[in-house]
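Chemist: Would you mind keeping the following structure in view while I ask a few things?
The values are calculated or read from the model by the stated rules, or taken from the named source; none is laboratory data. All values derive from a computational prediction rather than experimental measurement. When we count neighbours, we look across all protein chains shown, and the Cβ atoms used for this are built from the backbone with ideal geometry, even at glycine. Remember, those area values only see protein heavy atoms, side chains included, never the ligands or the DNA or RNA. Shrake-Rupley method; radii C 1.70, N 1.55, O 1.52, S 1.80 Å.
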Amino acid sequence: MHMDLIIRNGTVIDGTKAPRYEADVAVQDGRIVAIGDLSGHTARQTIDAGGRIVAPGFIDSHTHDDTAVLSNPGMDFKVSQGVTTVVAGNCGISAAPLRRDMDLPMPLALVETTPEARFTTFAAYLAAMRASPSSVNVAAMVGHSTLRAVVMPDLDRPANAQEIAQMREMVEEAMQAGAIGLSTGTFYPPAAAATTEEIIEVGRPLTARKALYVTHMRDEGARVMESLEETFRIGRELDVPVVVSHHKAQGQPNFGRSKETLPLIRETMKHQCVSLDCYPYTAGSTMIRTDRGMLDGRVLIASSEPHPGMAGRDLDDIAKEWGVAKDEAARRLQPGSAIYFMMDESDVQRILAFDETMIGSDGIPVGEKPHPRLWGTFPRVLGHYSRDVGLFPLETAVWKMTGLTARNFGLAGRGTLKVGQAADIVVFDAATVRDAASYTHPTLPAEGIHAVIVNGALTWSDGVHQGARNGQVLTRSVPN
Ligand code: ZN
Ligand code: CU
């Protein structure tokens, strides 16, 4: 048989946590068609894996790539890590629906769009991605904060009945178009005043489709347990699966509290569908904030609209230079984004090692000095945490970024390396894979990623983008 592509001499890690084995992998028409000894077969294109790992392409469970896939379709910061699918629309923020005549408050403006380029329906957004594919597959959610900003003249109060009805209609439109879920970010000003009841009522259209409820919770610090209970309650009332985004114990007084949160999550999993993700760093990144809790630790400025030259600098130094307090300096740098050192390494490791935790970057593709997670998340888990720290076997690391994620998000035909699956494949070197991106040099591509294939097309090879734009819009399929 003559194939499109054969990857020879690889060691397959199939994304199910099963032990690795040696095999060739053949691809035809964008699908995996054979795995085994294929020495009798020929192909138009051959990749010699040379004993490297051949795994399903990584799925980034938590991204803000909503508009980057359109404005920066090569998506180097993702494909260079072996990522072949991104889940967009997180933290209550989505690229659609928007009005052309509105200002985007932070953090909604992190998904930058010019008014002319805005999508007024979710269908229009998905159509644009289909018409102009990027190098990765996209599964998209609609964001509750975005809906609030579209519908409500003032955001510092709960929505009224009429506004809830309008938002619910927009969720219904997004679901019909192909959104896989609804995300919230009640941590952020545009949604902080939303009640639990508001979210439940806005989320009603999720129920019939068993679509996902995904949340950047109200409080990941002192009130993290209450926030988890609120999240689980919303999932129960809507009878849908929930995803706890970028789980953490935030702020020094809460260090160690993953010892409380993880047992609660595990217990709740016995009764309802719960999943969670995590990025492999002790610093987070979001809009520039001025509240004390956020400014307690070290803060690095990632981007600043009024002071672009401050990107990459320590807030402490900027404040000293300006002769003002830290919070005043932060105020002057707004709007922009910053990196906050606010987690304890032991919590990060405990959450990463929790068997049900998926890997999601939460990368923000804005500015010249982004959080290094944008370029480094997946190789950091494979190289640093799995190989060097020994937190879990490589098979488990791969599962946390492939099979587990595809299962939780309902991405049928993805996430495992099996005959019949879509040919999203990464070939990497287990001995050398490593994140090169650091806080000082955050945009360096990963090392040890040999080849990345998206829907059968070779997209990244030995450090060079091959030009393929073969990504698809993925929708959710729910197992019966
Ligand atoms: Zn978030
Ligand atoms: Cu996020």
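Chemist: By its C-alpha gyration tensor, with a ≥ b ≥ c as the square roots of the eigenvalues, how is the stretch 294-337 shaped: rounded for a/c under 1.5, else prolate for a/b larger than b/c, else oblate?
Modeler: rounded
Chemist: What accessible area per residue comes out for the stretch 1-110, rounded to a whole number of Å², with a 1.4 Å probe?
Modeler: On a per-residue basis, 34 Å².
Chemist: Averaged per residue, what accessible area in Å² does the stretch 151-302 show with a 1.4 Å probe, protein chains only?
Modeler: Each residue of the stretch 151-302 exposes 37 Å² on average to a 1.4 Å probe.
Chemist: Next question, about the same structure. I want the antiparallel fraction of DSSP beta bridges within the stretch 12-161, as a percent rounded to 5.
Modeler: DSSP beta bridges in the stretch 12-161 are roughly 45 percent antiparallel.
Chemist: Give the Debye-formula value of log10 I(q)/I(0) at each listed q (0.19, 0.24 Å⁻¹), with one equal scatterer per alpha carbon of the stretch 157-234, two decimals each.
Modeler: For the requested q values the scattering log ratios are -0.80, -1.18.
Chemist: To continue, here is another question. Decide, for the stretch 325-480, between rounded, prolate and oblate: order the square roots of the alpha carbon gyration tensor eigenvalues as a ≥ b ≥ c, take rounded if a/c falls under 1.5, and otherwise choose prolate if a/b is larger than b/c, else oblate.
Modeler: Here the stretch 325-480 falls in the prolate category.
Chemist: Something else about it: Given an 8 Å cut-off on Cα distances and at least 6 residues of separation, report the relative contact order of the stretch 24-161 as a percent.
Modeler: 25 percent
Chemist: Just from the alpha-carbon atoms, what are the Rg and Dmax of the stretch 69-136 in angstroms?
Modeler: 12.6, 38
Chemist: Which distance in Å, rounded to a whole number, links the C-alpha centroids of the stretch 346-411 and the stretch 33-63?
Modeler: So the separation of the two Cα centres works out to 21 Å.
Chemist: Considering only DSSP beta bridges whose two residues both sit in the chain, what percent are antiparallel, to the nearest 5?
Modeler: Rounded to the nearest five, the antiparallel share is 55 percent.
Chemist: What is the local net charge at GLY383, summed over the other residues whose Cβ is closer than 10 Å to its Cβ (Lys, Arg +1; Asp, Glu -1)?
Modeler: -1
Chemist: Computing the accessible area with a 1.4 Å probe over protein heavy atoms, can you report the carbon and sulfur percentage for the chain?
Modeler: The computed percentage sits at 50.
Chemist: Roughly how much of SER477 is accessible, in Å² to the nearest 10, using a 1.4 Å probe?
Modeler: Here the accessible area works out near 50 Å².
Chemist: Right, next: Mean residue ellipticity at 222 nm from the helices of the chain, using -39,500 (n - 2.57) per DSSP H segment of n ≥ 4 over the full residue count, to the nearest 500 deg cm²/dmol?
Modeler: -7500 deg cm²/dmol
Chemist: A further question follows. For the stretch 376-454, what does the accessible surface come to per residue with a 1.4 Å probe? Please give it in Å².
Modeler: With all protein chains present, the stretch 376-454 gives 30 Å² per residue.
Chemist: Please state, rounded to one decimal and in Å, the Kirkwood hydrodynamic radius that the chain gives when every pair of distinct Cα atoms enters the mean of 1/r.
Modeler: This gives a value of 22.4 Å.
Chemist: Over the stretch 294-337, what relative contact order in percent results from Cα pairs under 8 Å that are six or more residues apart?
Modeler: The value is 43 percent.
Chemist: Further question: Just add up the charged neighbours of ILE234: K/R +1, D/E -1, any other residue whose Cβ is under 12 Å from the Cβ of ILE234.
Modeler: Charge balance in the 12 Å sphere: -3.
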